[in-house]
Amino acid sequence: MAEERIRQALLYENLGDKVQCHTCERLCLIPEGELGFCASRKNIDGQLYTLEYGDISSISANPIEKKPFFHFYPGTKALTIGSWSCNFTCPWCQNYDISKSPHNIGTGQYISPATFIELVGQYHCQGTSVSFNEPTMLFEYSLDIFNLARDRGYYNTYVTNGYMTEQALKMLVAHGLKAMNIDIKGEAEVVKRFCTADVSIVWRNATLAKERGVWVELTTLVIPGVNDTEAGLSRMAQRIKRELGVDTPWHITGYYPAYKFRNELYIPPTSVSTLEKARDLGKAEELKFVYVGNVPGHPYENTYCPKCNQSLIERYGFSITKYNIGPDKRCPYCGEAIPIIMEPQVPSTKKIG
């Protein structure tokens, strides 16, 4: 029923004839009867409501490597869900069919939190992931599924543009968020021009998440003529080193034409040589784990020891073909400590009432 998807929002302020949403940093001021920027929240009689609680556009059991997470429970699967809409305006959106379809809000499959957690077990997954579109759109729902997942021994992850408010991020962590892959779309001017957002907020949230014990990996979709200059990529690598540390994995991912960049604003795919150069620039700034993505079989998909350069984890696409790190989380060749989350997951069999 449609009313199941309409729930009072948790983070907002009543300002007389308007309400201000405090879920993401757009901080929309929404008049009575109107929607916020993302169209997923509405002012109804002076109170803010989410319109897509449990309104699922997509669900699948994905390898955690697909998120991508390469240092967080490698080889496991996460039951992944998405809904509709986004709070960014990226003209290259790779999931535009759901992210750019706010008119579809309310038309997805309703899945209650309890049902979703039962599906995690049925699909033999070890955790959850809110992804596909911007997961902050499912903020209230995320809190509820994270609570249940944590009780069952599952991990919880977000694949996000990182534009939630500090209050929203702190609540996600308090309810069991364990890992975030945050999309760093470019430097300030790129993010302002194409995403109509302030990239400093994304960096702030990445730092805050790490400070609160969340495992953080970063992804940059490298787009020709947009964010592919050597100077810009080097500055991004320097900022990762400075603000998050050299152990932070950085995924340099190949772009394919989509949404507005497929037709009226066509930009060709990223060349493999550009991705390789970007990886080399990251390594030159002393980042230990820089990966090339969307190029299945490329050697830069693999994890190498940052000290002796021996191959430790080899991948083909989203599959692990070799795993050579022991429970001590050290390189078996030189003893170098490898930052990786790999403790065993033993989900309970407790039923959810």
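Restricting attention to region 195-214, the residues that are over 15 Å from residue 247 (Cβ atoms) and in contact (Cβ under 8 Å) with a residue 24 or more places away in the chain add up to 11. Checking each residue in region 179-190 for being within 10 Å of residue 209 (Cβ to Cβ) and out of contact with any helix residue (DSSP H, G or I) (no Cβ under 6 Å at 6 or more places or on another chain) picks out only 179. Within region 31-52, being surrounded by fewer than 23 Cβ atoms within 10 Å (Cβ to Cβ) and under 15 Å from residue 6 (Cβ atoms) holds for 33, 35, 39, 42, 44, 45, 47, 49. Only one of 294, 263 is closer than 30 Å to residue 98 by Cβ, of a type in the set (S, T, N, Q) and surrounded by fewer than 12 Cβ atoms within 10 Å (Cβ to Cβ); which? Matching residue, one of 294, 263: 263. Can we say residue 185 is within 14 Å of the chain's Cα centre (by Cα), under 23 Å from residue 254 (Cβ atoms) and in the same structural domain as residue 251 (by TED's automatic domain parsing)? Considered against the rule, which asks whether it is within 14 Å of the chain's Cα centre (by Cα), under 23 Å from residue 254 (Cβ atoms) and in the same structural domain as residue 251 (by TED's automatic domain parsing), residue 185 comes out as yes.
Being within 19 Å of residue 69 (Cα to Cα), in the same structural domain as residue 69 (by TED's automatic domain parsing) and not aliphatic (A, V, I, L, M) is a description that does not apply to residue 260.
Of all residues in region 272-294, those that are under 16 Å from residue 242 (Cβ atoms) have Cβ atoms under 9 Å from Cβ atoms of residues that are in a helix (DSSP H, G or I) and acidic (Asp, Glu), 6 or more apart or on another chain, in 281/230; 290/280. Within region 208-237, the set of residues being surrounded by 14 or more Cβ atoms within 10 Å (Cβ to Cβ) and within 17 Å of the chain's Cα centre (by Cα) comprises 208, 209, 210, 214, 215, 216, 217, 218, 219, 220, 221, 222. Of all residues in region 149-160, none that is not assigned by TED's automatic domain parsing to the domain that holds residue 114 and of a type in the set (Phe, Trp, Tyr) has its Cβ atom under 8 Å from the Cβ atom of a residue that is in a loop (DSSP other than H, G, I, E, B) and crowded, with 24+ Cβ neighbours inside 10 Å, 6 or more apart or on another chain. Scanning region 292-325 for residues that are among the aliphatic types (A, V, I, L, M), assigned by TED's automatic domain parsing to the domain that holds residue 218 and not in a loop (DSSP other than H, G, I, E, B) yields one hit, 292. In summary, residue 34 fulfils each of the numbered conditions (1) without any contact (Cβ under 8 Å) to a residue 60 or more places away in the chain; (2) among the acidic types (Asp, Glu); (3) under 26 Å from residue 123 (Cβ atoms) with the single exception of condition (3). Scanning region 170-184 for residues that are out of contact with any Asp or Glu (no Cβ under 9 Å at 6 or more places or on another chain) and either surrounded by 24 or more Cβ atoms within 10 Å (Cβ to Cβ) or part of a strand (DSSP E or B) (or both) yields a total of 3. Check whether at least one residue in region 10-29 is of a type in the set (Gly, Ala, Ser) and touching a strand residue (DSSP E or B) at 6+ places or on another chain (Cβ under 9 Å), and report yes or no. No. When residue 254 is tested against (1) among the small types (Gly, Ala, Ser); (2) in contact with a strand residue (DSSP E or B) (Cβ under 7 Å, 6 or more places away or on another chain); (3) over 28 Å from residue 97 (Cα atoms), just one condition goes unmet, and that condition is (3). Could you list all residues from region 134-162 that are over 16 Å from residue 206 (Cα atoms) and in a strand (DSSP E or B)? 155, 156, listed by residue number. Would you mind stating whether residue 252 is under 16 Å from residue 159 (Cα atoms), assigned by TED's automatic domain parsing to the domain that holds residue 159, surrounded by 14 or more Cβ atoms within 10 Å (Cβ to Cβ) and at pLDDT 95 or above? So residue 252 fits the description; yes.
Screening residue 115 with (1) over 30 Å from residue 191 (Cα atoms); (2) among the hydroxyl-bearing types (Ser, Thr, Tyr); (3) in contact (Cβ under 8 Å) with a residue 24 or more places away in the chain gives one miss only, at (3).
The values are calculated or read from the model by the stated rules, or taken from the named source; none is laboratory data. All of these numbers come straight from a predicted model, not from anything done at the bench. Every residue, glycine as well, gets a Cβ built from its backbone with ideal geometry; the counts of neighbours run over all protein chains shown.
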